[in-house]
Each structure stands twice: as C-alpha cells, then as structure tokens.
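Enquirer: The structure is given below, and queries will be raised subsequently.
The values are calculated or read from the model by the stated rules, or taken from the named source; none is laboratory data. Just so we're clear, the structure is a prediction, and the values are computed from it rather than from any experiment. Glycine also receives a Cβ, built like all others from the backbone with ideal geometry; neighbour counts cover every protein chain displayed.
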Amino acid sequence: MPVAGSVDALAPQVAMDHRSIGDGPASAALRARAEAVAVIAEKNAGAVDRDARFPEETFAAARSQGLLGIMAPHDLGGEGASLSAVVDICYRLGRACSASAMIYAMHQIMVACILRHRGNTAWHERLLRRLCAEQLLFASSTTEGRGGGNVRSSEAPIERSGSRISLERRATVMSYGANADAIVTTARRAADAAASDQVLVAFLKEDYTLEPLAAWDTLGMRGTCSAGFTIKASGEPDQILPDPYEVIHVRTMAPVSHLTWASVWAGIAAGAVERAQFFVRSAARQAGGQLPPGAAHYTKASSSLLTLRGLVASSLRKFEQAARDEDKLASVEFQTMINLTKVEASELAVSTVLAALRACGLSGYRNDGDYTIGRYLRDVLSSPIMINNDRILANVAASSLMSPVPASMGD
Ligand SMILES: Cc1cc2nc3c(=O)[nH]c(=O)nc-3n(C[C@H](O)[C@H](O)[C@H](O)COP(=O)(O)OP(=O)(O)OC[C@H]3O[C@@H](n4cnc5c(N)ncnc54)[C@H](O)[C@@H]3O)c2cc1C
C-alpha cells in the first residue's frame, strides 16, 4: 500500500529506469517524435520571440505527438518515460526554441511533482488520466507578490469552507498562465499557518479565473509569456497534494527543475555553438582554409558546452540513483549538489553563448543574417535569474561548508 511521503512507495510511479532516450527501439521512436516537434518549434522560434507570443505551433505538435504525458505510467495512459528522456527532449527543444523548451520543462516539473507525491488521491489519478488522454498543459505558480523568488514562502493561504477550498493569489510571474489547462501552485497551508508551511495544489482551468496583474515584455524568453495574474480558484480539498510542499520541494521540485532547466539552457548553448561552427567553417572556406581570428572562441564555446553537458549528465545520474532513497535525497550533500548544478549550469550556459558570439564577431552581433546569436544570448541571460543564483548561493553557503570535500574521484 503506497504511503504518501514515502519515496519507496512513490518511486514506481516515475519510471527511473536509468535508460536515457535512444537506448532502445522505444526510445528511438520517442526521439523521432521529439525531433518532429523540434523542427516545428525551430521554424516558429523567430516569430515567437519577436511577437512575445505562446509557441502554439510547438504545443499543437507536442500534443499530436503525445509528448505531454510521457512520464505517466502505462496504466494511466502514459509511457512510463524516464526523467532522462524528458531531459533529452528539453535539450533538443532548447536548440530549436528556448521558450518552447522552457514551457515543456516547466510542464514536466509539475507532472513529476504530481506523479511522485499524489499518494492515493483519486482526484490526481483522474488528472493524470486526463493529462494523457487530452494532453493537458500544466503551468506552475511559485512567485508571489513583491517577495518574488523565495519558493519556500507563501503569502496567500488555502481557505476552507464546508467541503470546498479556495485560494486568491497574486501570481506576479506565471509562464503561459493564460494558455494552460491547469495551474499547480504553492500556497500557505491555512490562514494561521507560517509562510513556510506550504502545500502544492492543482486547479483545472474551470476552477479558476485570471485577472491580469503584470505584462511580460522582457529581453529574452519572450515566448514563455510569463505575465502576472491574480488567480482566484476554488476546488475540493483532494486537489491538495498529500505531501507537504517542504517534502515535494526537496525530493522532486528542486531536483527536477534544476535538471530540466539546465538541459534547456544546454540546448540553447548548443544552438549558439552550432551557429558559431557554421560561421567558422564558412569563413575558413572563403579564406582558402585559413581559420578566422575568432576561431579560438569557437573552441572555447565547444569546450564550455562539453563541460555543461557533462555537468547535467552527472547530476541527472546522481538524482536517478538517489530517487528511491529519501534520506539521500534530503541529505545536505545531495541538496547542495543539485542547487549548485543550477548555478553552475546557468553560468556555463551564458559563457558558452558569449563565446559563440565572439567567434561569430559582428555576424553574431547583428540581428539579421544566418549567424546571429542575439536570440540565444537574450534567452540564456534569463538562466542566472530564474531562481536567482545569488539567492541560491546565499542559501547553500552554510550547507556547502558542512559538506565534506570529496576524498577520491569516486565520491
Ligand atoms: C523565463 C522565466 C520564467 C519564469 N516562469 C515562472 C513561472 O512559471 N512561475 C513562477 O512562479 N515564477 C516564474 N518565474 C520567476 C522565477 O521563479 C523567480 O521568481 C524569479 O526569477 C526571481 O526573480 P528575482 O531575481 O527578481 O527575485 P529574487 O530572487 O527575489 O531576487 C531579487 C534580487 O535580490 C537578490 N537576492 C535575493 N535573495 C538574496 C540573497 N539571499 N542573497 C543575496 N541576494 C539576494 C538577487 O540577487 C536579486 O538581485 C520565471 C522567471 C523567468 C526568468
């Protein structure tokens, strides 16, 4: 009998089968479906960025390829895909269209939280069945009011009246809120609870209204449409996930966010490196084989991408190994590692794209032409502030002091 909060009981609900996409025939098929979506995402990436609009073509394709519910188990209509498979899709989409990739990542983070922390609630089981059958898109709301990025603190409480619950929340940044079929949001457990005593609750579109609070006119990631809204929602108590948010955050939300985001940023960096490679090759061809002066920056960009990919792959492996072990997941070492993965991956992604820009020189700096790096750079600059690196570093300062320095290469 599964027990809410027990990682052992939750583990089978997410297929941590340690295979990465591409290992078997099914994985090859999944990769081909993701490729088909990425081609469409790439075609529309310029317009999505220019018009700061939701990448509807990408998500129409993702729905027709059935990519939104792949992590759900077979008995709920999913494919039992591993987190590695999702991470790989994020990378491929990141190369094509940053906003599409980030939206896909954010959706899958919410799916993972529901899969792993739903306990025995029939409501969430129905939601997961609908996710697979109808290819629903889930948005997430953690940023609230003026406080901004402190995910572990909520202002608005869940109110209870008879057999109903309600929530009114100032969600100051919420990606694709207007395009989602459901919102999964943090909230204070009750009006008399502390700000850190939080729950995670899912509301379907018919459960809420959204009143615009703030627009989303940003340097990059324009297509995530992360506008602010006042959410007014009501539903049943069963819509609240049984595990406290504190547990969900440590075991699923933080690791899955950091791994999928990092893979989106690695994908963006790879897109920029690919352009720089075309530029350097073409310049060398035109100069009778002589490499252009910026070629060394290309080498730097590809080396930095290699490090970034290695970092994401190694942290993903560590998460998959720890996923069934709640003590390990909650350990200071694991939490420090996963938080620092986010910080390092975002810094590496920015420096990779900057090196690609320098390799292309003016051709990369221009907004027109085949070698422009502009969109990649603007998009990747969101990475250090998407949960601010300064905040993360301040939070892990004490714990990283407590973590032993590895004594051997195997540690
Ligand atoms: C592309 C994108 C999409 C997003 N989508 C969503 C979404 O769908 N849902 C959602 O809820 N949110 C979303 N967010 C918001 C995100 O989760 C964070 O809330 C936001 O990025 C934090 O922004 P901030 O730097 O202004 O806030 P804060 O983290 O509050 O930081 C504000 C400033 O204070 C500094 N600071 C904060 N704490 C410390 C500290 N302890 N030590 C030192 N300095 C500190 C920071 O350096 C920063 O300059 C999105 C953000 C981006 C960029």
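Enquirer: Are there any pairs, at least 6 apart or on different chains, whose C-beta atoms fall under 8 Å, with the first in the range 387-403 and more than 19 Å from M253 (Cβ to Cβ) and touching a residue at least 60 places away in the same chain (Cβ under 8 Å) and the second of a type outside the set (F, W, Y) and more than 9 Å from the ligand (Cβ to nearest atom), and if so, which?
Expert: Every condition considered, the pairs that remain are S400/T336; S400/L340; M402/V332; S403/V332; S403/E333; S403/T336.
Enquirer: Exactly one of (1) within 16 Å of the ligand (Cβ to nearest atom); (2) among the hydroxyl-bearing types (S, T, Y); (3) in contact with a His (Cβ under 6 Å, 6 or more places away or on another chain) is unmet by T341. Its number?
Expert: Failed condition: (1).
Enquirer: Need the failing condition index for W261 against (1) in contact with a Cys (Cβ under 6 Å, 6 or more places away or on another chain); (2) among the aromatic types (F, W, Y); (3) within 28 Å of S315 (Cα to Cα), just the number.
Expert: Tallying (1) in contact with a Cys (Cβ under 6 Å, 6 or more places away or on another chain); (2) among the aromatic types (F, W, Y); (3) within 28 Å of S315 (Cα to Cα), W261 fails exactly one: (1).
Enquirer: Something else about it: All but one of (1) touching a helix residue (DSSP H, G or I) at 6+ places or on another chain (Cβ under 9 Å); (2) modelled with pLDDT of 95 or more; (3) more than 10 Å from the ligand (Cβ to nearest atom) hold for G119; which doesn't?
Expert: It is condition (2) that G119 fails.
Enquirer: Testing R169 on (1) closer than 30 Å to G94 by Cα; (2) within 12 Å of the ligand (Cβ to nearest atom), one condition comes back false. Which one is that?
Expert: R169 satisfies every listed condition except (1).
Enquirer: Moving on. Give the residues of the range 349-367 that are surrounded by 20 or more Cβ atoms within 10 Å (Cβ to Cβ), among the hydroxyl-bearing types (S, T, Y) and farther than 26 Å from N339 by Cα, sorted by residue number.
Expert: Once the filter is applied, which keeps residues that are surrounded by 20 or more Cβ atoms within 10 Å (Cβ to Cβ), among the hydroxyl-bearing types (S, T, Y) and farther than 26 Å from N339 by Cα, the range 349-367 yields only S363.
Enquirer: Now a separate question. Search the range 288-308 for residues being over 10 Å from A359 (Cβ atoms) and buried (at least 20 other Cβ atoms within 10 Å of the Cβ), and hand back the single one that is nearest to the chain's Cα centre (by Cα). First the steps, then the outcome.
Expert: First, pick out the residues of the range 288-308 that are over 10 Å from A359 (Cβ atoms): 288-291, 303-308.
This time we only want the ones that are buried (at least 20 other Cβ atoms within 10 Å of the Cβ), so: 304-305, 308.
Working: S304: 21, L305: 19, L308: 16 Å.
Among them, the one singled out is L308.
Enquirer: Yes or no: the range 348-363 includes at least one residue that is at pLDDT 95 or above, within 28 Å of L259 (Cα to Cα), more than 16 Å from the ligand (Cβ to nearest atom) and not in a helix (DSSP H, G or I).
Expert: No: zero hits.
Enquirer: Return the only residue of D370, D379 being within 16 Å of the ligand (Cβ to nearest atom), farther than 27 Å from E320 by Cβ and either in contact (Cβ under 8 Å) with a residue 12 or more places away in the chain or surrounded by 19 or more Cβ atoms within 10 Å (Cβ to Cβ) (or both).
Expert: That would be D379, the only listed residue that is within 16 Å of the ligand (Cβ to nearest atom), farther than 27 Å from E320 by Cβ and either in contact (Cβ under 8 Å) with a residue 12 or more places away in the chain or surrounded by 19 or more Cβ atoms within 10 Å (Cβ to Cβ) (or both).
Enquirer: Continuing with this model, one more query. State all residues of the range 101-141 that are assigned to a loop (DSSP other than H, G, I, E, B), farther than 16 Å from M71 by Cα and either not assigned by TED's automatic domain parsing to the domain that holds E35 or not hydroxyl-bearing (S, T, Y) (or both); if no residue qualifies, say none. First the steps, then the outcome.
Expert: As a first pass, look at the range 101-141 and keep what is assigned to a loop (DSSP other than H, G, I, E, B): 118-121, 135-137.
Pick out the ones that are also farther than 16 Å from M71 by Cα and you get 119-121.
Those that are assigned to a loop (DSSP other than H, G, I, E, B), farther than 16 Å from M71 by Cα and either not assigned by TED's automatic domain parsing to the domain that holds E35 or not hydroxyl-bearing (S, T, Y) (or both): G119, N120.
Enquirer: Moving on to the next point. List, please: which pairs have Cβ atoms under 8 Å, are six or more places apart or on different chains, and start with a residue in the range 159-171 that is in contact (Cβ under 8 Å) with a residue 40 or more places away in the chain and end with one that is outside any strand (DSSP E or B) and of a type in the set (A, V, I, L, M)?
Expert: R160/A190; I165/I158; S166/I158; L167/A156; L167/I158; E168/A156; R169/A156; R170/A156
Enquirer: Only one of these is buried (at least 24 other Cβ atoms within 10 Å of the Cβ), away from the ligand (no atom under 16 Å from the Cβ) and within 24 Å of R33 (Cα to Cα): A133, A81. Name it.
Expert: Testing whether each residue is buried (at least 24 other Cβ atoms within 10 Å of the Cβ), away from the ligand (no atom under 16 Å from the Cβ) and within 24 Å of R33 (Cα to Cα) leaves just A81.
Enquirer: So, in the range 51-78, of the ones that are part of a helix (DSSP H, G or I) and either touching an Asp or Glu at 6+ places or on another chain (Cβ under 8 Å) or of a type in the set (V, I, T) (or both), which residue ends up surrounded by the fewest Cβ atoms within 10 Å (Cβ to Cβ)?
Expert: In this case the residue turns out to be L76.
Enquirer: Condition first: in a strand (DSSP E or B) and either within 12 Å of the ligand (Cβ to nearest atom) or among the polar types (S, T, N, Q) (or both). Now tell me which residues in the range 143-166 satisfy that. So that I can check it myself, show each step before the final result.
Expert: So the first thing to find is which residues in the range 143-166 are in a strand (DSSP E or B), and the list is 144, 148, 157, 159-161, 164-166.
Once the filter is applied, which keeps residues that are in a strand (DSSP E or B) and either within 12 Å of the ligand (Cβ to nearest atom) or among the polar types (S, T, N, Q) (or both), the range 143-166 yields E144, G148, S161, S166.
Enquirer: Do you know which of the residues in the range 364-388 that are of a type in the set (D, E, K, R) and not in a loop (DSSP other than H, G, I, E, B) is nearest to F279 (Cα to Cα)?
Expert: Among those residues, the one meeting the criterion is R375.
Every residue, every condition in (1) away from the ligand (no atom under 15 Å from the Cβ); (2) crowded, with 24+ Cβ neighbours inside 10 Å, yes or no:
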| residue | (1), (2) |
| --- | --- |
| V173 | no, no |
| E206 | yes, no |
| W216 | no, no |
| H249 | no, no |
| W261 | no, yes |
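Enquirer: Here's another thing I want to ask about it. Identify, from the list R285, R275, R281, the residue that is crowded, with 20+ Cβ neighbours inside 10 Å, of a type in the set (D, E, K, R), more than 17 Å from the chain's Cα centre (by Cα) and modelled with pLDDT of 95 or more. Spell out how you get there, then give the answer.
Expert: Values: R285 fails: crowded, with 20+ Cβ neighbours inside 10 Å; R281 fails: crowded, with 20+ Cβ neighbours inside 10 Å.
Of the residues listed, the single one that is crowded, with 20+ Cβ neighbours inside 10 Å, of a type in the set (D, E, K, R), more than 17 Å from the chain's Cα centre (by Cα) and modelled with pLDDT of 95 or more is R275.
Enquirer: Count, please, the residues in the range 184-213 that happen to be of a type in the set (A, V, I, L, M), assigned to a loop (DSSP other than H, G, I, E, B) and more than 20 Å from T121 (Cβ to Cβ).
Expert: Residues meeting the conditions: 4.
Enquirer: Just the residues that are farther than 21 Å from A272 by Cβ and touching a residue at least 40 places away in the same chain (Cβ under 8 Å), please, taken from the range 283-316. Walk me through it before giving the result.
Expert: Initially, the range 283-316 is screened for residues farther than 21 Å from A272 by Cβ, giving 286-290, 314-316.
Residues satisfying the conditions are S315, L316.
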